[in-house]
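Working notes, structure below.
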Amino acid sequence: MREIRTDQIIEAVREMCMETNYDLGSEMLRAFEEALQVEESPIGKDILHQLIDNARIAREERVPMCQDCGMTMVFAELGQDLHIVGSHWLDAINGGVRVGYQEAYLRKSVLNDPVHRINTQDNTPAVVHLELVPGDQLKLMVAPKGGGSENMARLKMLKPSDGREGIKQFVLETVSQAGPNPCPPTILGVGLGGTFEKAALISKKALFRPLGAPHPDPDIAGLEKDLLQAVNALGIGPLGLGGRVTALAVHVEVFACHITSLPAAVSINCHAHRHKERIL
Amino acid sequence: MAEAKRISTALSIEVVSSLRSGDRVLISGWVYTARDAAHKRMHDLIERGLDLPFDIRGQVIYYVGPSPAKPGRIIGSAGPTTASRMDAYAPALIAMGLKGMIGKGARSREVIQAMIQHKAVYFAAVGGAGALLARSIKEVEMIAYEDLGPEAIRRLKLEDFPAIVINDVEGNDLYLEGVRSYRQEEPKETW
């Protein structure tokens, strides 16, 4: 059986915490350039230029692009034929977060719980989702999630009769209510189906898809296109000051559901759409 | 697009009254940082009839919790946080003479009312542009609540810090007006 050591996990997570916060990545920079072609609002264009400058400064000077360095989300896909040797794998992930946030001068924004609200001082624990998959590798996806956009997420148990139109109205209502708060232009993850928690989980995981890559099912891809068009017709624009570009992409994920159900969840990510993945 | 207006803190009634929703400004001079936890402490002081950690008259509060400064730097990334979390506390501070707030996102009716009544303005800076905005911060001094870490009250000396007037003394709101001008009932194009 193939083996990896937990110190390899620590190192991978440490590095991804740093790199996600310093380097926005080419897919977002490309999306900003494309947005500049479409945006009509002068203030909106000015903001997009500032975001491009900001990403360049962060990358060159190795400083976080946003002072909110997020709560660390980790999606782990563990091959069932892989053996992890060393400490507890979850301790290794949190160890990577601890070292990464300290060494990279990232802001520690995590509290021990929402009632006592005491800062843990090292940005741990991360929110970790583990999926057991075929194979003998471990895929780690790391994304620092800022509070401004996370607070705008919503979930609703729609009625099956609400259908496609109901889904669209719920997404539009969510984006309208969020307005400027999630730092548009945003990326929307829409999770449809499953149960209450499954819809939320797949909506979040949808954010990790390569930006704007359509869903493999043409019907779902069509829904993504419709939703993006409708969201951008809201006029919210960059930073909510009015404009054509409110979202850069809508990613929809679906899962089986009960005959009585239509769970719909919307996760929102800000324009600091930070995520990296590594296979061990 | 019109040229940005250069303004300096502390803000006088005249300067505050001359600003209009949609104006781009470059702010220079000292401002104070405070966010959720610092506002809660200031609120408790007001309730107990005690003095605030600084004289608030004519001042500007920047809603920011910077990331830690790297060695050789005075501050880390320092973009605005969501202002609505401070809405519960802002009207009392405005009534005491606070003249400006820098943040992101819309304000409540109560805060907008207080800005009209006592003549104050709300500016938005570009959320998520913390690396860029930190370049306009030239000095940092700790003022109070150091135990709050990123949430402590600091005094920042700004130089040409870029912001946009959202709410002015007449009650205009750029978030409402900006979005209204670009809203399409029937989407015109696929993007």
When every residue in region B:146-162 that is within 13 Å of another protein chain (Cβ to nearest Cβ) and more than 15 Å from the chain's Cα centre (by Cα) is compared, the one surrounded by the fewest Cβ atoms within 10 Å (Cβ to Cβ) is B:D147
With criteria (1) surrounded by fewer than 21 Cβ atoms within 10 Å (Cβ to Cβ); (2) within 13 Å of chain A (Cβ to nearest Cβ), B:V165 comes up short on (1)
request  = For region A:248-266, indicate whether the set of residues that are closer than 20 Å to A:K45 by Cβ and not in a helix (DSSP H, G or I) is non-empty.
outcome  = yes
Going through region A:117-158 in order, the residues found to be assigned to a strand (DSSP E or B) and more than 19 Å from A:G100 (Cα to Cα) are A:H129, A:L130, A:E131, A:L132, A:V133, A:L138, A:R154, A:L155, A:K156, A:M157, A:L158
Scanning region B:107-131 for residues that are of a type in the set (A, V, I, L, M) and outside any loop (DSSP other than H, G, I, E, B), the one nearest to the other protein chains (Cβ to nearest Cβ) turns out to be B:A131
Practice prompt. With respect to B:K40, determine if the residue is part of a loop (DSSP other than H, G, I, E, B) and within 14 Å of chain A (Cβ to nearest Cβ).
Written response: no
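Of everything in region A:217-265, what is hydroxyl-bearing (S, T, Y) and either free of Cβ contacts under 8 Å to residues at least 12 places away in the same chain or within 14 Å of chain B (Cβ to nearest Cβ) (or both)? Give them in sequence order.
Taking region A:217-265 first, the residues hydroxyl-bearing (S, T, Y) are A:246, A:260-261.
Within region A:217-265, A:T246 is the sole residue that qualifies.
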Restricting region A:165-212 to residues that are charged (D, E, K, R), farther than 24 Å from A:R244 by Cβ and in contact (Cβ under 8 Å) with a residue 60 or more places away in the chain, the one surrounded by the most Cβ atoms within 10 Å (Cβ to Cβ) turns out to be A:K204
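Any residue that is crowded, with 16+ Cβ neighbours inside 10 Å and farther than 24 Å from B:E159 by Cα - is there at least one of those in region B:19-30?
Scanning region B:19-30, I find no residue that is crowded, with 16+ Cβ neighbours inside 10 Å and farther than 24 Å from B:E159 by Cα, so the answer is no.
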Within region A:106-127, residues being of a type outside the set (V, I, T) and free of Cβ contacts under 8 Å to residues at least 40 places away in the same chain number 11
Note on A:K108: of the conditions (1) assigned to a loop (DSSP other than H, G, I, E, B); (2) more than 22 Å from the chain's Cα centre (by Cα); (3) among the charged types (D, E, K, R), unmet is (2)
When region B:130-158 is checked residue by residue, the ones that are out of contact with any Leu (no Cβ under 9 Å at 6 or more places or on another chain), free of Cβ contacts under 8 Å to residues at least 60 places away in the same chain and aliphatic (A, V, I, L, M) are B:A131, B:L133, B:M142
Of the candidates B:S181, B:S77, B:S84, the one satisfying the condition of being without any contact (Cβ under 8 Å) to a residue 24 or more places away in the chain, of a type outside the set (D, E) and either under 17 Å from B:L26 (Cα atoms) or within 11 Å of chain A (Cβ to nearest Cβ) (or both) is B:S181
Taking first residues from region B:106-129 that are crowded, with 22+ Cβ neighbours inside 10 Å and second residues anywhere that are in a loop (DSSP other than H, G, I, E, B) and among the β-branched types (V, I, T), the pairs with Cβ under 9 Å that are 6 or more apart or on different chains are B:M115/B:V169; B:A120/B:V169; B:V121/B:V169; B:A125/B:V64; B:G127/B:T81
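Here, each number is a calculation from the coordinates, and none is a lab measurement. Predicted model only: the values in this text are computed from it and were never measured. Backbone-built Cβ (ideal geometry, glycine too); neighbour counts: all protein chains shown.
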